[in-house]
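K.L.:
Next up is a structure, given as structure tokens.
The values are calculated or read from the model by the stated rules, or taken from the named source; none is laboratory data. Keep in mind that what you see is a predicted model, and the values were worked out from it rather than measured. Neighbour counts are summed over all protein chains in view; Cβ atoms, including those assigned to glycine, are modelled from backbone coordinates with ideal geometry. Please note that ligands, DNA and RNA were not included when accessible areas were found on the heavy atoms of the full protein model with its side chains. Shrake-Rupley method; radii C 1.70, N 1.55, O 1.52, S 1.80 Å.
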Amino acid sequence: MARLAKKLTPKISNSKHLFQRLQSAIQRSGLIREGDRVGVAVSGGADSVALLLLLIAAKKKLGITLSVLHFNHKLRGAAADADEKFVTALARKNKLPFYSATAAVESIAKNEKANLEAAARRLRYAFFSECASEHHLDKIAVAHAADDQAETVLAHILRGSGLAGLGGIHPQVDKIVRPLLTVSRADLRLCLKAHKQVWREDATNRDTTKMRARIRKKLIPLLKKEFQPRIVEHLASLSNHARQDDRLLHHFAEERLRSSVEIIPGGALIRIADLLPSKLHNFQQNTRAQIEEQSLEHAASMGLSGRLVRLIVNRVKSAHVKAANANSRAGEFTALHVRQVLELASHGKTGSSLPLPGDIEVRRHRDTLVFCAKEGAALSPREYQYKIDSLADVYSIRVPELGCVFRFTVIDWHPQRGETRLSGEVLDGARLNFPLTLRSWRHGDRFCVTGHTKPEKLKRLFNEKGIDRWQRAGWPVVVSAKSGDDLAWSRIFGASAKFAVHEGTKTGIVIVEEKLL
């Protein structure tokens, strides 16, 4: 049961200096700027009350406006209701707008078969997001302190974490800001006591059956006493360095994602040569021990490959959840899953697959990995069709279904100028009938390859080129009016012989496909 902390007036000769130092820490964070409308998330606990007190004192200097947000999880009965009344009174005392919400978190978590703490966090932050939208708030200030950061980093280390986990709590995620991450919990309590400000205590924070409480009550005090008195500060510094390195590696992985990954309807695919380091790809028969003994450069490349796998899975998972209009609660994608995907890439056989959390699977097809929703969702392409009534000099069509833009450029055609090398890629404007149609391919489509006189089924050409069924999903083609199933243009194959430029061509049309940024 929560209890009200006693009013204590410590003998602090430098309390004013402490208060100013904490205010400076908020300003130095740069998370709250002049003119911001800030909603302060206040649970009633010491840290959040201190954050509110500091922001109230600094609001004129910072040039900000404040409001108070409180979410009642209904997890502690009368104590939770008492917390809400306390925060309500605090907001009223300081003449601040107060916004609150209540949810039966335990019942919701049970119905969703979700972790209680995860459900509470999701509902709480959903409330913050709603407040930001409804009340036009620029920032939501949350009172995580340096001790929370240290506890989070230690919890991640004990669980088994990579660089991202060592980054701990991020100072800013969208509109959520945490300006107290460099401030200790002890300093915040000293600040409150110096100003004779009471707060609420949550008895569940002392429940050492939970790992987080054991870290707070047992592990950190032990580390402070026996190993390093400044352990909280050092762990906060570690998390900061880890986030910086993580951002850099994420940038490199994003660059490789843009250049190497092909988005297909329902999924994504990447060539194994683009995913794995060249040394491993060239020696796929190496034993596990031999792979582990390779150079540091190779290890770094494997780390980037792992990040690329995570990015691909997150993209496919997000697209699947959005398309299915559902919540994703199917488990966490872990380092073990990353290793399994890389193992599939390096040693798997064509046709082998691996199930992944979030109703996603990855399949190996020849020299390619295909990431898609389970049960063949990637094989059910989103059909699209775009009409082109006429063409000016340059005409662009965005095709979000493929994540591409197609640019049609009208050019003067002068073969004598050495442009015959483009003849298999350029359409003869006079041979086309408008409107043109840019669409996904269909069974029955036919294409006349350069040098041939009769069209062939596009499906047969796919097989001859080794274009697998995942790559065919949503394959773009261009059809001229009155041409039936005979295509004028197709990805990879270029212009059909029936519509390509020839000696008498005066106007050509070039089609270029580019990825959307």
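K.L.:
Just to verify a result, which residue in region 59-83, among those that are open to solvent by less than 40 Å² (accessible area, probe 1.4 Å) and assigned to a helix (DSSP H, G or I), is farthest from ASP138 (Cα to Cα)?
P.N.:
Here the residue is ALA79.
K.L.:
Considering SER107, SER43, SER29, SER48, which residue is hydroxyl-bearing (Ser, Thr, Tyr), farther than 21 Å from GLU201 by Cβ and touching a strand residue (DSSP E or B) at 6+ places or on another chain (Cβ under 9 Å)? Even if it seems obvious, please write down each step before you answer.
P.N.:
Values: SER107 fails: touching a strand residue (DSSP E or B) at 6+ places or on another chain (Cβ under 9 Å); SER43 fails: farther than 21 Å from GLU201 by Cβ; SER48 fails: farther than 21 Å from GLU201 by Cβ.
From the options SER107, SER43, SER29, SER48, the qualifying one is SER29.
K.L.:
Pick from region 84-128 the residues that are among the β-branched types (Val, Ile, Thr) and within 28 Å of the chain's Cα centre (by Cα): which of them is farthest from VAL142 (Cα to Cα)?
P.N.:
Narrowing region 84-128 to residues among the β-branched types (Val, Ile, Thr): 87-88, 102, 105, 108.
Narrowing the set further to residues that are within 28 Å of the chain's Cα centre (by Cα) leaves 105, 108.
Details: VAL105: 20, ILE108: 24 Å.
Looking at the filtered set, the residue picked out is ILE108.
K.L.:
Considering (1) open to solvent by 90 Å² or more (accessible area, probe 1.4 Å); (2) modelled with pLDDT under 75; (3) part of a loop (DSSP other than H, G, I, E, B), say which one ARG33 fails and leave the rest.
P.N.:
Every condition holds for ARG33 apart from (2).
K.L.:
Restrict the check to region 86-97 and report whether at least one residue is touching a Ser or Thr at 6+ places or on another chain (Cβ under 7 Å) and farther than 19 Å from GLU201 by Cα.
P.N.:
yes
K.L.:
Being at pLDDT below 60 and either open to solvent by 60 Å² or more (accessible area, probe 1.4 Å) or touching a Leu at 6+ places or on another chain (Cβ under 7 Å) (or both) is the filter here, so list the residues in region 325-334 that pass it.
P.N.:
Passing the criteria: ASN325, ASN327, ARG329.
K.L.:
Same structure again: So for region 45-52 (the condition being among the charged types (D, E, K, R), open to solvent by less than 60 Å² (accessible area, probe 1.4 Å) and part of a helix (DSSP H, G or I)), does at least one residue qualify? If you could, list the steps in order and put the result at the bottom.
P.N.:
Residues of region 45-52 that are among the charged types (D, E, K, R), as a first pass: 47.
Cutting the leftovers down to open to solvent by less than 60 Å² (accessible area, probe 1.4 Å) gives us 47.
Restricting the remaining residues to those that are part of a helix (DSSP H, G or I) gives 47.
Yes, region 45-52 has at least one match.
K.L.:
For region 421-461, give me each residue that is of a type in the set (Val, Ile, Thr), open to solvent by 10 Å² or more (accessible area, probe 1.4 Å) and in contact with a Gly (Cβ under 7 Å, 6 or more places away or on another chain).
P.N.:
Our first condition is that a residue be of a type in the set (Val, Ile, Thr); within region 421-461, this holds for 426, 437, 449-450, 453.
Checking the rest, the ones that are also open to solvent by 10 Å² or more (accessible area, probe 1.4 Å) come to 437, 449-450, 453.
Within region 421-461, just THR450 meets the criteria.
K.L.:
Hey, another quick one. For residues that are farther than 18 Å from VAL405 by Cβ and of a type in the set (Ser, Thr, Tyr), tally how many sit in region 437-451. It would help to see each step written out before you state the result.
P.N.:
Of the residues in region 437-451, the ones farther than 18 Å from VAL405 by Cβ are 441-451.
Next, only the ones that are of a type in the set (Ser, Thr, Tyr) stay: 450.
Here the count works out to 1.
K.L.:
So which of ARG243, ARG212 is at pLDDT 90 or above, within 30 Å of GLY303 (Cβ to Cβ) and touching a Gly at 6+ places or on another chain (Cβ under 9 Å)?
P.N.:
Numbers: ARG212 fails: touching a Gly at 6+ places or on another chain (Cβ under 9 Å).
Testing whether each residue is at pLDDT 90 or above, within 30 Å of GLY303 (Cβ to Cβ) and touching a Gly at 6+ places or on another chain (Cβ under 9 Å) leaves just ARG243.
K.L.:
Kindly list the number of the only condition in (1) modelled with pLDDT under 95; (2) under 20 Å from the mean Cα position of the chain (by Cα); (3) in a helix (DSSP H, G or I); (4) not acidic (Asp, Glu) that fails for SER161.
P.N.:
It fails just one condition, (3).
K.L.:
To continue, here is another question. Could you grab me the full set of residues in region 200-246 that are within 21 Å of ILE169 (Cβ to Cβ) and hydrophobic (A, V, I, L, M, F, W, C)?
P.N.:
MET211, ALA213, ILE215, LEU219, ILE220, LEU223, ILE231, VAL232, LEU235, ALA236, LEU238, ALA242
K.L.:
Also: Quick one: in region 222-239, of everything that is in a helix (DSSP H, G or I) and open to solvent by 60 Å² or more (accessible area, probe 1.4 Å), which residue is nearest to VAL153 (Cα to Cα)?
P.N.:
Start the filter on region 222-239 by keeping residues that are in a helix (DSSP H, G or I), which leaves 222-226, 231-239.
Narrowing further to those that are open to solvent by 60 Å² or more (accessible area, probe 1.4 Å): 222, 224-226, 233-234, 238.
Details: LEU222: 16, LYS224: 15, LYS225: 19, GLU226: 19, GLU233: 12, HIS234: 11, LEU238: 9 Å.
Filtering region 222-239 for residues that are in a helix (DSSP H, G or I) and open to solvent by 60 Å² or more (accessible area, probe 1.4 Å), the one nearest to VAL153 (Cα to Cα) comes out as LEU238.
K.L.:
In region 341-357, which residues are within 13 Å of PHE371 (Cβ to Cβ), open to solvent by 40 Å² or more (accessible area, probe 1.4 Å) and not hydroxyl-bearing (Ser, Thr, Tyr)?
P.N.:
Across region 341-357, the qualifying residue is only PRO355.
K.L.:
Still on this model: Just to be sure I understand, how many residues within region 253-271 are more than 15 Å from the chain's Cα centre (by Cα) and either touching a residue at least 24 places away in the same chain (Cβ under 8 Å) or not in a helix (DSSP H, G or I) (or both)? Steps first, please.
P.N.:
To start, the set of residues in region 253-271 that are more than 15 Å from the chain's Cα centre (by Cα) comprises 256, 259-271.
Okay, now just the ones that are also either touching a residue at least 24 places away in the same chain (Cβ under 8 Å) or not in a helix (DSSP H, G or I) (or both), so 256, 260-271.
Qualifying residue count for the region: 13.
K.L.:
Continuing with this model, one more query. Among the residues of region 290-313, is there at least one that is at pLDDT below 85 and closer than 18 Å to LEU356 by Cα? Don't jump to the end; show me each part of the working.
P.N.:
Filtering region 290-313 down to residues at pLDDT below 85 leaves 290-303.
Going one step further and asking which of them are closer than 18 Å to LEU356 by Cα, we end up with none.
No.
K.L.:
With the checklist (1) touching a Pro at 6+ places or on another chain (Cβ under 8 Å); (2) modelled with pLDDT of 90 or more in hand, flag the one item PRO455 doesn't pass.
P.N.:
Among (1) touching a Pro at 6+ places or on another chain (Cβ under 8 Å); (2) modelled with pLDDT of 90 or more, PRO455 violates only (1).
K.L.:
Sticking with this structure for a sec: Go through (1) out of contact with any Cys (no Cβ under 6 Å at 6 or more places or on another chain); (2) within 23 Å of LEU180 (Cα to Cα); (3) open to solvent by 10 Å² or more (accessible area, probe 1.4 Å) and name the single condition VAL87 misses.
P.N.:
Going through the list (1) out of contact with any Cys (no Cβ under 6 Å at 6 or more places or on another chain); (2) within 23 Å of LEU180 (Cα to Cα); (3) open to solvent by 10 Å² or more (accessible area, probe 1.4 Å), VAL87 breaks only (3).
K.L.:
Let me ask something additional. Looking at region 168-213 only, could you name the residues that are among the hydroxyl-bearing types (Ser, Thr, Tyr) and in a helix (DSSP H, G or I)? Let's see the steps before the verdict.
P.N.:
From region 168-213, those among the hydroxyl-bearing types (Ser, Thr, Tyr) are 182, 184, 204, 208-209; that's our starting set.
Across region 168-213, the qualifying residue is only THR204.
K.L.:
Name the single residue that is modelled with the lowest pLDDT among those in region 348-397 being of a type in the set (D, E, K, R) and more than 28 Å from the chain's Cα centre (by Cα). Break it down into steps so the answer makes sense when it comes.
P.N.:
Going residue by residue through region 348-397, those that are of a type in the set (D, E, K, R) are 349, 359, 361, 363-364, 366-367, 374-375, 382-383, 387, 389, 393.
Retained after the next criterion (residues that are more than 28 Å from the chain's Cα centre (by Cα)): 349, 366, 387, 389, 393.
Numbers: LYS349: 87, ARG366: 82, LYS387: 93, ASP389: 91, ASP393: 77.
Per the stated criteria, the residue is ASP393.
K.L.:
Suppose we keep only residues that are touching a helix residue (DSSP H, G or I) at 6+ places or on another chain (Cβ under 8 Å) and touching a residue at least 40 places away in the same chain (Cβ under 8 Å) within region 473-487. Which one would you say is surrounded by the fewest Cβ atoms within 10 Å (Cβ to Cβ)?
P.N.:
SER480
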